[in-house]
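Below is one structure, written out as C-alpha cells; comments come after it.
What follows is calculated from the coordinates using simple rules that are stated; it is not laboratory data. Every value quoted in this text rests on a predicted model; they were computed, and no experiment measured them.
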Amino acid sequence: MAKEKEITKSSKKVPEKKKKGGIRKYFRELRSEIKKVVWPTRKQVVNNTGVVLSVMIVMALFLFAVDSGLGAAIQAILKIGG
C-alpha cells in the first residue's frame, strides 16, 4: 500500500507556469506563420466557388425530390386510411 501511494503522488503533474512574452510574441509568431501560408490564386478561388455552388444546387434538388416523394407517399397513405 505504501508503494501505491508513492506512485500516485509521483505521477501527478505539476502545472507549468505561464511563459511570459505576451501579446508581442503572439503577433510576431502569428506574422511568421501567415508568411508560410500558400494562398490560392484568383482562378482557383473562382473554380472552387463554382464547384461548391454546383454541389449545393444538386443537393438541394435531390433533397427537394426526396421530400416531395416522401410527402406524396404520406399523403397517399393518409388518404387510404381516412
Karplus-derived HN-Hα couplings along segment 39-56 (A = 6.51, B = -1.76, C = 1.60, θ = phi - 60°), whole Hz, x at Gly and Pro: 7, x, 6, 4, 4, 5, 5, 5, 4, 5, 5, x, 5, 4, 5, 4, 5, 4
Segment 36-82: C-alpha gyration tensor shape, a/c 1.5 cut-off, then a/b vs b/c: prolate
